[in-house]
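Nothing in this text is a laboratory measurement; each read-out follows from the coordinates by a stated rule. From a predicted model like this one, the values you see are computed outputs, not experimental measurements. Every residue, glycine among them, receives a Cβ derived from its backbone with ideal geometry; neighbour counts consider all protein chains shown.
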Amino acid sequence: MKKMNFLFIVGLLAVLVSCSSDDFENPSAEKNNETEATSLSLTTSTGSKVMMQAFYWDVPAGGTWWNTVSSKVQDWSNAGIDAIWLPPVSKAQNGPFSMGYDPFDYFDFGEYNQMGSTETRFGSRQELESLIQNAHQENLAVIADIVINHNSGGDLESNTYTGTDTYTDFNPDSGMFYRSATDFHPNDTHSNDSGVFGGYPDLCHDKSYVQDWLWEQSNSVAKYYKNTLGIDGWRFDYVKGYEPWVVNAWVNEVGGFAVGEYWDANVNLLENWTNNAKASAFDFACYYRMKDAFDGNDLTRLQDDMLWKRNPMRAVTFVSNHDTNEIYNGKMLAYAYILTHEGYPCIFYQDYETWLDKNKLNNLIWIHNNKAGGSITILHADQDEYVAKRNGSPGLVVYLNNSNNWQERWVQTNWNNTQIKDYTGNSTWEPYTQANGWVKLQAPPNSYSIWSTK
């Protein structure tokens, strides 16, 4: 959503992981040998690898961001990323300063001189289209951030439903999707929906006119973004603000991978939203349990209920994003957790490009894409240690150690009489499992090891 004092949001999404038997450990050495159509209908494969959130709050202004991201897509693809999530691409009220979450003209991508600038904060339409084309050439799906709960930047008009003047007169220079008081709450249909945001005019999705412009008609937002810009999927902002049928209707009309930002740690609410929206959600239940585990120094919390445990195909797991970055201690352990467990993991731009060790993250991405298949079985959990295995082929065992000392533990694997190794390189052991699958493993202090067959 937006980084403001009045912010509340929720995001969700998910998909399971596939694996290959390739044993190369260097994730940047070459791309995986999968051939995905560059016509991106890549939506069928989106979620099989790892998503990159390709922005952070207050990225540099001045219209350079699309070019910055475009310069990175080849490296991200080589590392094993299969989708990039972009910030809102259209012109917002704050023009050259806006992160896009105060939308004004859904069809101005940096080409009309309105709201104080021609380009958006991120660049021009031409630069956006070039970025999308470059991403597709690298077999990356492009996921657009969709803000349809509220609008901003309208002129004052007399509002018969409130008896006052309201900022609900939207006459964008693109000439597309004019809006007036009857398209917002309250109106002649009903007074409100699930929620408003920050006092902004709140769109009424029950209005057929609004539905037409958002997803139904041939030049709707959804169809224009998909068919003209080449957008492959959708990240729906602040879905607590409207009913889940809206997301369901959008995706039914145009298809594409979809994830909602339902900001809540209650896994029942997350699961209910995904079931009704027929879309993925950001696994905030997992996020807050990881915060309890790593910052609270209690790895038993990783045994708690999370969306990925209920429906991994609908869970998008993450460690930080543009709105929240509260896991400070053990952040690499948190990435080791989501990149070895079920769900569709999302990596945050600043973690990858600035704050953490990119080589270690690339190693985890490679392990996710090549080893982390099948269901999860938790083998051990206490305050300092957590051990779990993936039951696919070849599968893996992940050992998280949140203590200040090396730890060792006997665990039962799915491999009998088999030599295994730590694919992170944190341990030099290469033990053989016993005939019954038991083996002794180790993990370094405040770190992790991830084991699989040689």
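The table below gives the values:
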quantity: Kirkwood-Stokes translational diffusion coefficient of the range 380-453, alpha-carbon pairs, 4 °C, 1.567 mPa s, µm²/s; calculated: 107
quantity: Identified option (computed semi-axes √(5λ) of the Cα gyration tensor in Å; candidates (1) 60, 30, 18; (2) 42, 22, 18; (3) 34, 28, 21); calculated: (2)
quantity: Inter-label distance for Asp173 and Asn266, nm, one decimal - labels placed 7 Å from Cα along Cα-to-Cβ; calculated: 4.4
quantity: Net lengthening on full extension, Asp58/Arg409 (0.36 nm per residue, minus Cα-Cα); calculated: 121.9 nm
quantity: Label point at Thr162 placed 7 Å out along Cα→Cβ; residues across the range 174-190 whose backbone nitrogen lies under 18 Å; calculated: 179-190
quantity: Two-decimal ratio, the range 307-361, of alpha-carbon radius of gyration to 2.2 N^0.38 Å; calculated: 1.12
quantity: Helix 358-371 vs. the chain, principal-axis angle (Cα, 0 to 90°, nearest 10); calculated: 80
quantity: Computed label-point distance, nm, for sites Thr228 and Asn359 using a 7 Å Cα→Cβ extension; calculated: 4.7
quantity: Selected from Met52, Gly195, Leu400, residue furthest toward positive end of dipole (the chain; charges at beta carbon); calculated: Leu400
quantity: Crossing angle, helix 125-137 versus the chain [Cα axis fit, 0-90 degrees, rounded to tens]; calculated: 30
quantity: Using alpha-carbon coordinates, inclination of helix 267-277 to the longest axis of the chain, degrees; calculated: 50
quantity: Sparsely packed chymotrypsin sites (Phe, Trp or Tyr not before Pro) within the range 159-258, loop by DSSP, other Cβ within 10 Å at most 16; calculated: Tyr161, Tyr178
quantity: Kirkwood hydrodynamic radius (C-alpha pairs) into Stokes-Einstein, the range 127-241, 37 °C and 0.692 mPa s, D in µm²/s; calculated: 212
quantity: Debye, to nearest 20: dipole size of the chain, +1 on Lys, Arg Cβ, -1 on Asp, Glu Cβ; calculated: 1400
quantity: Mean separation of Cα contacts under 8 Å, 6 or more apart, over the residue count of the chain: relative contact order %; calculated: 17
quantity: Within the chain, helix-based [θ] at 222 nm, where runs of 4 or more DSSP H residues each add -39,500 (n - 2.57), nearest 500; calculated: -5500 deg cm²/dmol
quantity: Over 32 Å (Cα to Cα) - which of Lys91/Lys309; Lys226/Lys291; Lys226/Lys389; Lys331/Lys389; Lys223/Lys309; Lys49/Lys331 fall in this group; calculated: Lys91/Lys309; Lys226/Lys291; Lys226/Lys389; Lys223/Lys309
quantity: Charge dipole of the range 380-453 about the Cα centre (unit charges at C-beta), most positive-ward option of Ala381, Trp415, Pro445; calculated: Trp415
quantity: Semi-axis lengths (Å, descending) of the ellipsoid that matches the C-alpha gyration tensor of the range 240-370; calculated: 26, 17, 13
quantity: The range 295-302 - phi-based ³J(HN,Hα) in whole Hz, Karplus 6.51/-1.76/1.60, Gly and Pro as x; calculated: 7, x, 6, 8, 6, 5, 5, 6
quantity: Sorted by Cβ density within 10 Å, fewest first, the residues Glu430, Glu111, Glu127; calculated: Glu430, Glu111, Glu127
quantity: Where labels lie 7 Å past Cα in the beta-carbon direction, separation of Asp304 and Gln74 in nm; calculated: 4.4
quantity: Extreme residue, positive dipole direction of the range 11-372, given options Phe109, Tyr288, Tyr161 (C-beta unit charges); calculated: Tyr288
quantity: Cα centre as origin, Lys/Arg/Asp/Glu Cβ charges: the range 56-112 dipole, Debye; calculated: 100
quantity: Cβ charges +1 (Lys, Arg) and -1 (Asp, Glu), total dipole of the range 136-265, debye; calculated: 280
